[in-house]
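Coordinate-derived values only; no laboratory data. No experiment lies behind these values; they were computed from the predicted model shown. Here the Cβ positions follow ideal geometry from the backbone for every residue, glycine too, while neighbour counts run over all protein chains shown.
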Amino acid sequence: MIIVIDFGSQFNQLIARRVREHNVYCQVEPSDISIDRIKELNPKGIILSGGPASIYEENSPSVDTVLFDLGIPVLGICYGMHYMVHALGGVIQRAQKREYGFARLQITADTPLFKDMEPAFQCWMSHGDSTKELPKGFVVTASTENTAIAAVAHGKKQFYGLQFHPEVEHSVNGTLMLKHFLFDICQCEKNWTMESFSEGAISQIREAVGDQKVIMGLSGGVDSSVAATLIHKAIGQNLYCIFVDNGLLRHNEKTQLEKRLVANLDMNIKFVDAAEIFLAALKGVTDPETKRKIIGSMFIQVFDAEAKKIPGAGFLGQGTLYPDIIESKSAFGGPTSIIKSHHNVGGLPKKMKLKLIEPLQLLFKDEVRKLGLTLGIHEDLIWRQPFPGPGLAIRIMGDITPERLDILRQTDTILLEEIRKAGFYRKLWQSFAVLLPIKSVGVMGDKRTFGNCVAIRAVTSNDAMTADWAKLPHTLLGKISNRIINEVDDINRVVYDITSKPPGTIEWE
Ligand code: XMP
């Protein structure tokens with residue numbers, strides 16, 4: 001295994017994930033980890049992460065420097081490099097010119113880390129400090145226009161430092177550098193796979209839960225389905241899943257889930273039909289935030305009532321992913337303002353006094369998809385586009401009525417059919433229809449019409465934090481529009497949303 005010492009970088013889980021992409025197990029450890037614990041973990045290599053601090057700042061993060069005497073190769077990234085240089089007798093300084101963003105890296109000396117690379121390429125920098133003097137035995141291996149010492153190496157001790165971030169996509173050859181570190185320098189073996197992760201996770205869940213019961217809310221989405229499947233494999237019928245039908249689902253949603261999880265995987269799922277009470281509570285409500293609040297609290301109420309019927313439950317399972325943790329930190333802990341109150345089961349554990357089981361919390365979305373396939377979940381479920389908790393309620397502008405829900409469901413079904421047929425479903429982050437609160441005049445079969453208008457929204461994105469409107473072919477858009485107007489009563493106009501995020505958001509409410 002490889003360990004990443006956490007110096008506070010927003011990228012440290014990304015580093016771990018990049019290592020895992022090479023089939024080498026990797027975990028992030030706090031910087032106060034003891035030398036005994038490091039010896040116990042027996043890593044083949046150690047990566048010192050970046051971090052926002054400056055090395056001479058009071059209370060800047062540090063790790064026991066005996067780490068450099070263990071004979072284990074070390075790769076320091078950004079602050080991690082400064083830490084190593086400083087700890088081994090070099091000097092760090094405030095850079096005269098800070099460097100943020102792209103820079104051209106020029107290789108100046110041979111090192112196994114840069115094997116088989118062209119002499120110059122793009123890297124991604126983000127630093128205010130830089131290295132002024134090297135410790136004994138180190139050489140400079142690369143520089144950029146603003147940073148003379150952009151990479152360093154101590155060949156004999158196998159210590160390497162990179163001022164830039166090899167883990168981010170913008171650093172050309174970053175993945176190759178990590179590969180060289182893992183296999184040429186640390187002599188790691190490629191033995192970590194999703195199968196081994198799932199075996200480990202299953203036995204950990206078994207050990208933590210024992211013969212107690214776990215309750216879990218299913219949304220029909222990828223994350224909760226994969227987490228539930230993993231927990232199910234660990235404890236079988238002691239997992240009690242609850243699926244709340246809030247009346248705001250798409251066509252066939254519940255049937256799909258029943259087929260994929262109950263029939264294929266024999267999971268214990270209670271389907272609760274709460275459509276009537278959700279729709280009654282939403283009657284006449286048009287304000288987006290009020291809709292969200294009502295749906296959120298109604299969900300907790302219904303879920304809680306169901307959970308109470310399962311006596312002796314000690315745990316609540318959740319499909320939280322690593323990016324969710326980061327996002328909710330910035331949404332609830334940091335200065336970022338809350339744009340929309342997202343509805344999820346985050347509020348449940350405190351109220352229910354259950355211990356949390358979050359088996360996916362170190363994984364990224366694409367890793368979860370791979371895991372799901374490994375666990376035998378059907379591709380249809382694994383490749384589902386995200387669907388918001390408040391469902392179609394936030395895709396109907398204005399009043400939510402059974403009739404308007406029906407119009408939107410029909411529209412959505414046609415849209416998704418055509419998107420799938422054209423091979424775009426997996427390429428898009430999301431594609432959906434929004435029912436607008438206006439009517440417009442049209443002409444059909446020589447008659448005047450005065451009907452509803454829908455907007456089509458299709459976006460590409462990596463993480464939903466930013467998104468671009470999808471440049472779908474005009475022929476496809478034309479076909480979608482024709483079918484919707486011909487097949488859905490009461491719609492006589494279709495428009496395409498060409499707003500990116502920011503300034504728009506993905507959902508309309
Ligand atoms: P926005 O509209 O904020 O959405 O750009 C970003 C992503 O989050 C999804 N979304 C939600 N997911 N509960 C969820 O589970 C919610 O309340 C919620 N609101 C938005 C949205 O579909 C998009 O993928």
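Computed from Cα positions, the angle between helix 474-487 and the longest principal axis of the chain comes to roughly 30 degrees.
When only Cα pairs below 8 angstrom with a gap of at least 6 residues are kept, the range 403-496 shows a relative contact order of 30 percent. Once the Cα-Cα distance is subtracted from the 0.36 nm per residue extended length, the Gln187 to Asn23 segment shows a gain of 57.8 nm. Counting only the backbone N, which residues of the range 489-509 are under 15 Å from the spot 7 Å out from the Cα of Lys427 toward its beta-carbon? Under cut-off, by backbone N: nothing. Each of Phe164, Gly89, Phe364 was placed along the dipole of the chain (beta-carbon charges, centred on the mean Cα), and the one lying farthest toward the positive end is Phe364. Quick one: net charge of Ile419's neighbours, Cβ under 12 Å, K/R +1, D/E -1? Net of charged neighbours comes to +4. Our coupling estimate for the range 167-176, obtained by passing each phi through the Karplus curve with A = 6.51, B = -1.76, C = 1.60 and θ = phi - 60°, is 7, 8, 4, 6, 8, 4, 6, x, 5, 5 Hz, Gly and Pro reported as x. Give me the base-10 log of I(q)/I(0) for the range 39-80 at each q in 0.29, 0.31 Å⁻¹, Debye formula, one uniform scatterer per Cα, rounded to two decimals. Debye intensities relative to I(0), on a log10 scale: -1.10, -1.16.
Cross-link pairs exceeding 32 Å between alpha carbons, from the set Lys291/Lys365; Lys132/Lys179; Lys190/Lys365; Lys233/Lys291; Lys353/Lys501; Lys39/Lys213: Lys233/Lys291; Lys353/Lys501; Lys39/Lys213.
Under 5 Å from the amide H of Phe159 lie the amide H atoms of Val74, His154, each residue being 5 or more positions distant or on a separate chain, with H modelled from the backbone and absent for Pro and chain starts.
Look at the alpha carbon pairs under 8 Å that are at least 6 residues apart: their mean separation over the length of the chain gives a relative contact order of 10 percent. For the range 384-455, go through all pairs of different Cα atoms, get the mean of 1/r, take its inverse, and jot down that Kirkwood value in Å. Kirkwood radius, the range 384-455: 13.6 Å. Shown is the FRET efficiency for Asp211 and Asp380, computed with R0 = 45 Å from the Cβ-Cβ distance and rounded to the nearest 0.05: 0.85.
Kindly state, to the nearest 0.05, the FRET efficiency for Asp497 paired with Ala120, given R0 = 60 Å and r defined as their beta-carbon distance.
0.90
FRET efficiency for the pair Asp266 and Leu373, taken as 1/(1 + (r/R0)^6) with r the Cβ-Cβ distance and R0 = 22 Å, rounds to 0.75. The gain in end-to-end length when the Val443 to Thr290 segment is fully stretched comes to 51.4 nm, 0.36 nm per residue minus the alpha carbon separation. Helix 322-332 axis versus longest C-alpha principal axis of the chain: approximately 80°, rounded to the nearest ten.
Backbone N atoms of the range 1-28 closer than 20 Å to the 7 Å Cα→Cβ label point of Ser54 belong to residues 7-10. Using the Cα centre of the chain as origin and beta-carbon charges of +1 (Lys, Arg) and -1 (Asp, Glu), tell me which of Ser31, Gly389, Ala201 is placed farthest towards the positive end of the dipole. Checking the options against the dipole of the chain, the answer is Gly389. Extension gain, Arg94 to Asn486, is 134.5 nm, computed as 0.36 nm per intervening residue step minus the present C-alpha separation.
Sorted largest first, the principal axis extents computed over the alpha-carbon atoms of the range 194-382 equal 50, 39, 34 Å.
Inter-part distance, the range 106-131 to the range 54-96, computed on C-alpha centroids, equals 18 Å. Summing charges over all other residues whose Cβ lies under 13 Å from the Cβ of Glu358, with Lys and Arg as +1 and Asp and Glu as -1, gives -1. Sparse packing (at most 15 other Cβ atoms within 10 Å of the Cβ) combined with a DSSP loop state is found for the following chymotrypsin sites (Phe, Trp or Tyr not before Pro) in the range 1-108: Tyr56.
In degrees between 0 and 90, to the nearest 10, how far off the longest principal axis of the chain does helix 365-374 point, with axes built from Cα atoms? For helix 365-374, the angle is close to 80 degrees.
A Cα-only calculation for the range 26-183 places Rg and Dmax at 14.6, 42 Å. Of the trypsin sites (Lys or Arg not before Pro) found in the range 448-509, those in coil by DSSP whose Cβ has at most 16 other Cβ atoms within 10 Å are Lys471.
State the percent of C-alpha pairs, over all pairs in the chain, separated by a distance greater than 45 angstrom. Everything past 45 Å amounts to 25 percent. Placing a label point 7 Å from the Cα of Lys136 along the Cα-to-Cβ direction, the residues of the range 160-182 whose backbone N falls under 19 Å of that point are 160. Placing unit charges on each Cβ (+1 for Lys and Arg, -1 for Asp and Glu) gives the chain a dipole about its Cα centre, and among Val226, Phe183, His127 the Cα reaching farthest toward its positive end belongs to Val226.
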